[in-house]
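So the structure is just underneath, and the comments pick up after that.
The values are calculated or read from the model by the stated rules, or taken from the named source; none is laboratory data. The structure presented is a predicted model; accordingly, all values stated were derived computationally and were not measured. Here the Cβ is made from the backbone with ideal geometry for all residues, glycine too, and neighbour counts use every protein chain on show.
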Amino acid sequence: MNSRERLLTALNHQEPDRVPYDLGSNQVTGIHVVAYRALRQALDLPPVEPHLSDTIQQLALPDDDLLRRLGADVRGLFPLNSHNWNINEEDQGDHWAYRDEWGITHHRMKPAGLYYSVARVPLDSLEVTPHDIERHPWPDLADPQRIAGLRQQAEAYRAAGYAVLLKDAFAGIFEFAQRIVGMQNCLMMMITNRPAMDALFAKLLELKLAYWQLALPQLADVIDVISYADDYGTQVSQLISPKMFREQIKPLLAVMFDAIKRLAPRARLFFHSDGNIRPLLPDFLELGVDILNPVQFTATGMDLADLKQTVGRDFAFWGAGIDTQGLLPSGTPQQIKDQVRRNIEILAPGGGYVFNTIHNIQADVPPPNIIAMWEALQEYGVY
């Protein structure tokens, strides 16, 4: 069974030879460049200057020698976007600054800031109008440069037996609206300034559709999974109420996901949202979501055994291998192996499970802990 067969078998809710493994196929299953360099050294792989798949998060694009060493089953296609294209980092004394194609300014602190944070948003006002939204200089998401070379990459991955994941061109509609007007403004305006927020959400949907209508006619036959990321959960509840989600966000997702399914009917839809998204799972099912990521079992309402029992036939789970926030950076190798074993025992039976950490491996994770996680997967992830 090759990697693609292994992944598709699992996504069909059947048991492959072993649990499929993903590292770095998109911007929410990756590894920070600091941890990546240390892991390569620990595995006695030659030093390299890593390429970044995401400059904002400082994520390394894992090299093929490491992916083959670890037996990763998925390879990612990364369209050109504001996290990996036309990046001009300016030295501003105590920090680096980068203004992206959306007009968002990001800062990374010196001497060794671990990632960029949003410093200024382009429409920072509660009084934004629909006219302000319309006249903002939006990037061209239908620019063919964004997907140049991706088909050749996908064909090579397919020929080598790997599953192929195509990443979205920018963050989800709700999350990206926060980057345009500011998080606090966005949450307030969804109540106090609906005309502007409706206009902003509609514009972002328009840009999403432009990208998918560019990419999928050229790539649909060589990809297996399409990823979409939009965060709705906190550690305890949700950023907005389920009612607000259903009224203001869900109809837009329905339009977008219907377009994706029409353009790429054989691809599986991977949906990323951290935190407690339990009340929204019936909505995700109605929207046609196939895969849930990262399955943050440390959040309220996200108990793995309960999720497997209640929605395990509706969704495949991609993630949930280890508590990346707490245990992976600070636990002992044996504690890590024990948690990996328990999680595999819950999620793997009957298929429907792809192993990955809960979101990206951060810079503070020591290589022995990553290796302990991987060794546990090799030991307990065999059917």
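Check whether at least one residue in segment 44-58 is crowded, with 16+ Cβ neighbours inside 10 Å and β-branched (Val, Ile, Thr), and report yes or no. Yes, that holds for at least one residue.
Tell me, which residue of segment 309-350 that is buried (at least 21 other Cβ atoms within 10 Å of the Cβ) and among the β-branched types (Val, Ile, Thr) is farthest from SER273 (Cα to Cα)? By that ranking, first place goes to ILE336. Restricted to strands (runs of 3 or more DSSP E) entirely inside segment 161-272, those with at least 2 residues that are of a type in the set (Ser, Thr, Tyr) are 225-229.
Restricting ASP231, ASP198 to residues that are among the charged types (D, E, K, R), under 19 Å from the mean Cα position of the chain (by Cα) and farther than 19 Å from LEU80 by Cβ narrows the list to ASP231.
Restricted to segment 111-148, and to residues there that are more than 26 Å from the chain's Cα centre (by Cα) and among the hydrophobic types (A, V, I, L, M, F, W, C), the residue that is surrounded by the fewest Cβ atoms within 10 Å (Cβ to Cβ) is LEU126. In segment 61-95, the residue that is modelled with the lowest pLDDT out of those that are surrounded by 15 or more Cβ atoms within 10 Å (Cβ to Cβ) and of a type in the set (Gly, Ala, Ser) is SER82. Figure legend. Inter-residue proximity from segment 355-381: first residues β-branched (Val, Ile, Thr), second residues in a loop (DSSP other than H, G, I, E, B), beta-carbon distance below 6 Å, spacing 6+ or different chains. Indicated pairs: THR357/GLY321; THR357/ILE322; THR357/THR324; ILE358/PRO294; ILE358/GLN296; ILE358/THR324. Scanning segment 187-195 turns up no residue that is touching a strand residue (DSSP E or B) at 6+ places or on another chain (Cβ under 9 Å), modelled with pLDDT of 95 or more and surrounded by 19 or more Cβ atoms within 10 Å (Cβ to Cβ). Considering only segment 86-96, I want to know if a residue exists there that is within 22 Å of the chain's Cα centre (by Cα), touching a residue at least 12 places away in the same chain (Cβ under 8 Å), over 28 Å from MET190 (Cβ atoms) and part of a loop (DSSP other than H, G, I, E, B). The answer is yes, given that some residue of segment 86-96 is within 22 Å of the chain's Cα centre (by Cα), touching a residue at least 12 places away in the same chain (Cβ under 8 Å), over 28 Å from MET190 (Cβ atoms) and part of a loop (DSSP other than H, G, I, E, B). When segment 274-293 is filtered for residues that are of a type in the set (Asp, Glu), under 12 Å from ASP314 (Cα atoms) and in contact with a strand residue (DSSP E or B) (Cβ under 7 Å, 6 or more places away or on another chain), only ASP290 remains. Going by the conditions given, is PHE270 crowded, with 21+ Cβ neighbours inside 10 Å, free of Cβ contacts under 8 Å to residues at least 40 places away in the same chain and not aliphatic (A, V, I, L, M)? Here the answer is no, as PHE270 does not meet what is asked. The selection criterion, being farther than 29 Å from ILE147 by Cβ, part of a loop (DSSP other than H, G, I, E, B) and not charged (D, E, K, R), does not hold for PRO79. Could you check segment 365-383 and list, in sequence order, the residues that are over 18 Å from LEU61 (Cα atoms) and of a type outside the set (A, V, I, L, M)? Hits for segment 365-383 are PRO366, PRO368, ASN369, TRP374, GLU375, GLN378, GLU379, TYR380, GLY381, TYR383.
Within segment 130-159, residues that are more than 20 Å from ASN86 (Cβ to Cβ) reach partners that are charged (D, E, K, R) and part of a helix (DSSP H, G or I) with beta carbons closer than 6 Å, at six or more positions or on different chains, in the pairs ILE133/LYS203. Residues of segment 1-54 that are among the polar types (S, T, N, Q) and part of a helix (DSSP H, G or I): SER3, THR9, GLN41. Pairing each residue of segment 1-25 that is over 22 Å from LYS167 (Cβ atoms) and modelled with pLDDT of 95 or more with any residue that is of a type in the set (A, V, I, L, M) and buried (at least 17 other Cβ atoms within 10 Å of the Cβ), provided the two are 6+ apart or on different chains, yields C-beta distances under 6 Å for PRO16/ALA10; VAL19/ALA348. If you filter segment 214-238 down to residues that are without any contact (Cβ under 8 Å) to a residue 60 or more places away in the chain and within 16 Å of LEU281 (Cβ to Cβ), you find that the one that is surrounded by the most Cβ atoms within 10 Å (Cβ to Cβ) is TYR232. For segment 281-293, name all the residues that are out of contact with any helix residue (DSSP H, G or I) (no Cβ under 6 Å at 6 or more places or on another chain), more than 19 Å from ILE358 (Cα to Cα) and aliphatic (A, V, I, L, M). Scanning segment 281-293 gives a single hit, LEU285.
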